[in-house]
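Every read-out reported here was derived from the displayed coordinates using simple, explicitly stated rules and does not represent laboratory data. Being a predicted model, the structure only gives us computed values, none of them experimental. Here the Cβ positions follow ideal geometry from the backbone for every residue, glycine too, while neighbour counts run over all protein chains shown.
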Ligand SMILES: NC(=O)c1ccc[n+]([C@@H]2O[C@H](COP(=O)([O-])OP(=O)(O)OC[C@H]3O[C@@H](n4cnc5c(N)ncnc54)[C@H](OP(=O)(O)O)[C@@H]3O)[C@@H](O)[C@H]2O)c1
């Protein structure tokens, strides 16, 4: 299996949650890690917590110039992981859609990922990879959230499009079920239980469990254009 030892991994969204766990796991197998997120104090604290030479950069993926500046500062690297996300993505039912607000809510997860790919590809190794982050709402459809479903699917579509366009650079996405990041834990035990109790694996996943999928995709040199679901079997029920 390809190794991440000595490779440089850039994790945008690495200040917390799944991105932080990916950074930790990559460091543990000998990678050099750069983490980026929009709040300077948070990303500096994350880099310090990670240790082992991890570098933290402030980047706002809503701002194209900020994303361009990040990759210029980082220079050549091997793997890009994108886990940046905001949490205002519940767009509402069809009749009540506020289109302008809905557009703005695609800025981080979708347009942010597109910006990261656009500027990341200028510096990424030819045998490198891009891994985006989607969510199970793309596949576990619920009434009252048509654009939430659409938004979740855009991420997966972008990963596929990038895989075709940027080859031989690989591109994939991880589709997350309910993962117990701080943000999710803040939603309360009741919500977590309600969402997970009927799953084949009836609990939320840990950030470390999610991170495994990103490491797999970075190391799997013959895998591109794939969506790996880390969802406790949510897509089966
Ligand atoms: N956890 C789940 O159950 C779950 C399920 C499905 C999908 N997801 C998606 O998976 C991703 C990771 O989830 P998570 O639970 O690990 O979330 P998280 O802990 O909130 O991590 C998201 C990260 O994105 C960064 N970020 C937010 N806005 C940004 C911006 N404009 N520019 C750059 N960075 C920005 C945040 O740091 P700053 O505040 O410093 O910017 C934070 O470190 C998110 O996209 C989330 O929506 C999560």
| query | Given that compact globular proteins tend to follow 2.2 N^0.38 Å, what is the ratio of the alpha-carbon Rg of the stretch 54-108 to that value? | reply | 1.51
| task | For the stretch 1-127, list log₁₀ I(q)/I(0) at each q in 0.23 Å⁻¹, using the Debye formula over Cα point scatterers of equal strength and ignoring solvent, two decimals each. | result | -1.32
| message | Cα atoms only: what Rg and Dmax, in Å, come out for the stretch 22-93? | response | 13.6, 46
| remark: Per the chain, sqrt(5λ) over the Cα gyration tensor eigenvalues, sorted largest first, in Å, gives 27, 20, 18
| Radius ratio Rg over Rh of the stretch 70-142, counting only Cα atoms, Kirkwood formula for Rh | 1.09
| FRET E, pair residue 93, residue 193, Förster distance 35 Å, beta-carbon r, rounded to 0.05 | 0.90
| query | What is the spin-label model distance, in nm, from residue 235 to residue 68 if the labels are put 7 Å beyond Cα along the C-beta direction? | reply | 3.7 nm
| query | Ranked from highest to lowest mean number of other Cβ atoms within 10 Å per residue, what is the order of the peptides 75-84, 122-131, 189-198? | reply | 75-84, 122-131, 189-198
| said: Just to check, using Stokes-Einstein with a Kirkwood Rh over alpha carbon pairs, what's the diffusion coefficient of the stretch 119-207 at 37 °C and 0.692 mPa s in µm²/s? | reply: 221 µm²/s
| remark: Once both label points are put 7 Å beyond Cα along the C-beta direction, the residue 45-residue 107 separation in nm becomes 2.3 nm
| For the stretch 132-157 and the stretch 27-74, what is the separation of their Cα centres, given in Å? | 27 Å
